[in-house]
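Report on one structure; see the data block that follows.
Bear in mind that the values in this text are calculations on the coordinates, not laboratory data. Just so it is clear, the model here is predicted, and its values are computed rather than measured. Quick reminder, even Gly has a Cβ in these numbers, built from the backbone with ideal geometry, and neighbours come from all protein chains shown.
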Amino acid sequence: MDAIEAPIAMDTPMKTLTTLLAALTFGLTSCFIQAREVDPQEVLRLSDAGTLHSAEKLDAKALSKHPDARIIGTQFKNIYGRYVYNVELRDKQGIEWVLEMDAATGQVYRNHQDN
């Protein structure tokens, strides 16, 4: 009876290791799926269809929050199925600001100073 139980006991750590590796792989894969940069062609297609605001309109909204600033970077992302537009600004005092907006509605989610 002991000879039969020993291989089962040895299999348990392997099963645990396999399960942990599978969970880690799934977790990392889901992170990549949950947030991704949106291709410029996709942005144009969605803007033309009226699904997203244009970058120009979103830029104008960002600049209205910081009128003395200039845009130093932008990025469209798809996060958990929502289109998000990130805008980085630098004002005349050299302070950098990051705005995060809903690209479909134009709602500003975040408007904070970058460190």
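Looking only at the range 98-111, count every residue that is among the hydrophobic types (A, V, I, L, M, F, W, C) and touching a helix residue (DSSP H, G or I) at 6+ places or on another chain (Cβ under 8 Å) and tell me the total.
Residues in the range 98-111 being among the hydrophobic types (A, V, I, L, M, F, W, C) and touching a helix residue (DSSP H, G or I) at 6+ places or on another chain (Cβ under 8 Å): 4 in total.
For the range 58-92, name all the residues that are farther than 21 Å from Pro40 by Cα and among the polar types (S, T, N, Q).
Hit for the range 58-92 is Ser64, nothing else.
Can you pull out every residue in the range 43-74 that is surrounded by 12 or more Cβ atoms within 10 Å (Cβ to Cβ), touching a residue at least 12 places away in the same chain (Cβ under 8 Å) and not hydrophobic (A, V, I, L, M, F, W, C)?
Passing the criteria: Thr51, His53, Lys57, Asp59, Lys61, Lys65, His66, Thr74.
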